[in-house]
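The next block holds one structure in the form of structure tokens; read it before the comments.
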Amino acid sequence: MAFMVTTCAGKTSKVLLLIVNISIFLVGAGILGLGVYYHLNDGLYEYVFREAEVITIPSIMMFFGSIFIFISFFSIVGAICEVAVMLKVYMGIVAIVIVLEAVIMAVCVAMRGDAETHAIRVVHNLMEHYGNTTSDELNVITKTIDKTQEWLECCGLDGPADWTDPDKATYWVNIHLDAMEDELPSSCCVDTYETCVYGNSTIESFYEVGCKTALQDFVKDNVVYITVSGIALIIAQCMILICALKIRFELDTNYDIYCVDDMQMTSM
């Protein structure tokens, strides 16, 4: 016998739960598809910066895409087929996710200094191999640094001088030892210049701000949006949890009513 959701609140919860999780499923499938595409296109999934301890973006996309699909699957099947067990599993996963988000936020606040120090060390390790086709066969390090500098309109970690420091940009400095001037990567140059030289103060041909400062400014400028987005996400997750709880509670109630009626029928 099927124990169906019959009340208006239960049906509304079911519809909302399905809409949200079908959307999550589609988003997850899209992220997973893009990750697989970039993996097959550039082979980035196979490439891990072992020395820098950085996993490539496509692998992260594939991981989170799979997670989204996995979580939403329990909710979609549980809501459509009205399977209480799958809804309980889904609720448990969502509850764990909310707790993990809170823990991660607390850890990020508590270990902000350590995280920044580690990030700086990672970036320094990446800069050492910039332009080196031997240690960076897939050109991933070079592309990552170039895209970051172009996006944030910055140059180097602390500033353009990083690209003239052999302790930071080892390979780049070595291949430009014979040059008369300190040439910077093309991604350091402003849009109107293809090449630029550090120390040329008469022409503003390169970005003078370091990427660490540029990223900090970006976070400060968008901290309101980031905070609001985080709060909205937690609220949405709590609402989803309430919807799943309502459906599960109604299914359990109908099951209990059926068991009582069945016992009464048997006793008669």
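The values are calculated or read from the model by the stated rules, or taken from the named source; none is laboratory data. Computed from a prediction, not measured in an experiment: that's the story for all the values here. Don't worry about glycine lacking a Cβ; one is built from the backbone with ideal geometry, like all the others, and counts go over all protein chains shown.
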### Task
Determine whether Asp191 is assigned to a loop (DSSP other than H, G, I, E, B), modelled with pLDDT under 75 and either surrounded by 16 or more Cβ atoms within 10 Å (Cβ to Cβ) or charged (D, E, K, R) (or both).
yes
## Note on the structure
When region 166-179 is checked residue by residue, the ones that are surrounded by 16 or more Cβ atoms within 10 Å (Cβ to Cβ) and either among the acidic types (Asp, Glu) or assigned to a loop (DSSP other than H, G, I, E, B) (or both) are Lys168, Ala169, His176
### Summary
By residue number, the members of region 151-160 that are buried (at least 16 other Cβ atoms within 10 Å of the Cβ) and either among the hydrophobic types (A, V, I, L, M, F, W, C) or not in a loop (DSSP other than H, G, I, E, B) (or both) are Leu152, Cys154, Cys155, Leu157, Pro160
### Task
Identify the residue in region 243-268 that is of a type in the set (A, V, I, L, M), exposed (fewer than 14 other Cβ atoms within 10 Å of the Cβ) and part of a helix (DSSP H, G or I) and, among all such residues, is modelled with the lowest pLDDT.
Val260
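State whether one or more residues within region 127-140 are in a helix (DSSP H, G or I), crowded, with 16+ Cβ neighbours inside 10 Å and in contact (Cβ under 8 Å) with a residue 60 or more places away in the chain. Spell out the reasoning first.
Narrowing region 127-140 to residues in a helix (DSSP H, G or I): 127-128, 140.
So of that shortlist, the ones also crowded, with 16+ Cβ neighbours inside 10 Å come out as 127-128, 140.
Within this subset, residues satisfying the condition of being in contact (Cβ under 8 Å) with a residue 60 or more places away in the chain are 140.
Looking for residues that are in a helix (DSSP H, G or I), crowded, with 16+ Cβ neighbours inside 10 Å and in contact (Cβ under 8 Å) with a residue 60 or more places away in the chain, one finds at least one in region 127-140, hence yes.
Listed here are the residues, each with its yes/no results for (1) at pLDDT 65 or above; (2) within 15 Å of the chain's Cα centre (by Cα); (3) of a type outside the set (S, T, N, Q); (4) closer than 30 Å to Met239 by Cα.
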position: Leu17; (1), (2), (3), (4): yes, no, yes, yes
position: Asp42; (1), (2), (3), (4): no, no, yes, no
position: Phe49; (1), (2), (3), (4): no, no, yes, no
position: Ala52; (1), (2), (3), (4): no, no, yes, no
position: Pro58; (1), (2), (3), (4): yes, yes, yes, no
position: Phe63; (1), (2), (3), (4): yes, yes, yes, yes
position: Ile71; (1), (2), (3), (4): yes, no, yes, yes
position: Ile76; (1), (2), (3), (4): yes, no, yes, yes
